[in-house]
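Notes follow the structure.
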Amino acid sequence: DPYDHLFKLLLIGDSGVGKSSILLQFTDGTFAADQNATCGVDFKVKMLQQGGKTIKATIWDTAGQERFRTLTSSYYRGAQGIILTYDVTRRDTFEHVNQWLEEVGKYTPGGTKDVILVLVGNKVDLEEQRRVSTREGEAWARQRGMLFIETSAKTKLGVKQVFQELVQKILDS
Ligand code: GTP
Ligand code: MG
């Protein structure tokens, strides 16, 4: 089908933060409490209508677990947008976002300036188990010129917004 733009978007972040769950909620409208860990790489295609344009988005989902991660440079190649995800109930996953950003810098030819990034704090439905405040996430993202959105792949909260805001910023760039 015809489209105006073809964008490659990526999901990165620690294992278990909910990358595959966010993707499935966005593309299929489903959530699985027993979602399997991703081995290797997977991707989904979604057509989006935005600002009078049709965007064909290929959204790539990789394993957070190191032992399943291969071909990292080809995963990053040609990406216009990156969704860097942590789990608001696991402090360690937020502490690792720096390392993920370093990896982006390493594999993106022009460094992090060539790609639009969004920081996503997922699992906000588990409010009583929250270990990372909204303010902390927001401040970290703002300092680096990144978008910031909190989500729940379970309740859908913020999920559509992640992709809409990311695509809009790519279109505006
Ligand atoms: P890897 O593939 O190993 O990198 O993990 P991942 O980041 O893809 O995480 P995945 O989507 O597999 O989710 C891990 C677990 O968290 C699964 O049991 C999901 O059901 C659960 N989960 C994901 N998102 C949410 C959420 O927003 N809320 C709640 N309560 N659970 C979630
Ligand atoms: Mg996964």
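Among what's in the range 1-24 and is of a type in the set (Ser, Thr, Tyr) and without any contact (Cβ under 8 Å) to a residue 60 or more places away in the chain, pick the residue that is surrounded by the fewest Cβ atoms within 10 Å (Cβ to Cβ).
First, pick out the residues of the range 1-24 that are of a type in the set (Ser, Thr, Tyr): 3, 15, 20-21.
Filter once more, so that each one left must be without any contact (Cβ under 8 Å) to a residue 60 or more places away in the chain: 3, 15, 20.
On the way: Tyr3: 13, Ser15: 16, Ser20: 22.
Restricting to residues being of a type in the set (Ser, Thr, Tyr) and without any contact (Cβ under 8 Å) to a residue 60 or more places away in the chain, the top hit is Tyr3.
Applying the set (1) modelled with pLDDT of 95 or more; (2) closer than 17 Å to Ala63 by Cβ; (3) among the hydrophobic types (A, V, I, L, M, F, W, C) to Cys39 leaves exactly one unmet item: (1).
The set of residues from the range 25-50 being in contact (Cβ under 8 Å) with a residue 40 or more places away in the chain and polar (S, T, N, Q) comprises Gln25, Gln50. Thr30 meets the stated requirement of being farther than 26 Å from Trp140 by Cβ, within 12 Å of ligand 1 (Cβ to nearest atom), out of contact with any Asp or Glu (no Cβ under 6 Å at 6 or more places or on another chain) and hydroxyl-bearing (Ser, Thr, Tyr).
One residue stands out in the range 63-85 among those that are of a type in the set (Ser, Thr, Tyr) and over 19 Å from Leu101 (Cβ atoms): the one that is farthest from ligand 2 (Cβ to nearest atom), namely Ser74. Residues that are in a helix (DSSP H, G or I), out of contact with any Ser or Thr (no Cβ under 8 Å at 6 or more places or on another chain) and free of Cβ contacts under 8 Å to residues at least 24 places away in the same chain within the range 51-105 comprise Glu66, Arg67, Ser74, Glu95, Asn98, Gln99, Glu102, listed in sequence order. Quick check, is Gly105 more than 15 Å from ligand 1 (Cβ to nearest atom) and closer than 20 Å to Gly121 by Cα? Against the criterion (more than 15 Å from ligand 1 (Cβ to nearest atom) and closer than 20 Å to Gly121 by Cα), Gly105 does not qualify.
Any residue at all in the range 109-124 that's in contact (Cβ under 8 Å) with a residue 40 or more places away in the chain, more than 16 Å from the chain's Cα centre (by Cα) and surrounded by fewer than 21 Cβ atoms within 10 Å (Cβ to Cβ)? Spell out the reasoning first.
As a first pass, look at the range 109-124 and keep what is in contact (Cβ under 8 Å) with a residue 40 or more places away in the chain: 116, 118, 120, 122-123.
Within this subset, residues satisfying the condition of being more than 16 Å from the chain's Cα centre (by Cα) are none.
No, because not a single residue in the range 109-124 is in contact (Cβ under 8 Å) with a residue 40 or more places away in the chain, more than 16 Å from the chain's Cα centre (by Cα) and surrounded by fewer than 21 Cβ atoms within 10 Å (Cβ to Cβ).
The residue of the range 81-96 that is farthest from Lys169 (Cα to Cα), among those that are of a type outside the set (D, E, K, R) and more than 12 Å from the chain's Cα centre (by Cα), is Thr89.
The values are calculated or read from the model by the stated rules, or taken from the named source; none is laboratory data. As the structure is a computational prediction, the values presented were derived from the model and not from experiment. Cβ sites come from the backbone with ideal geometry, for glycine too, and all protein chains shown count toward neighbours.
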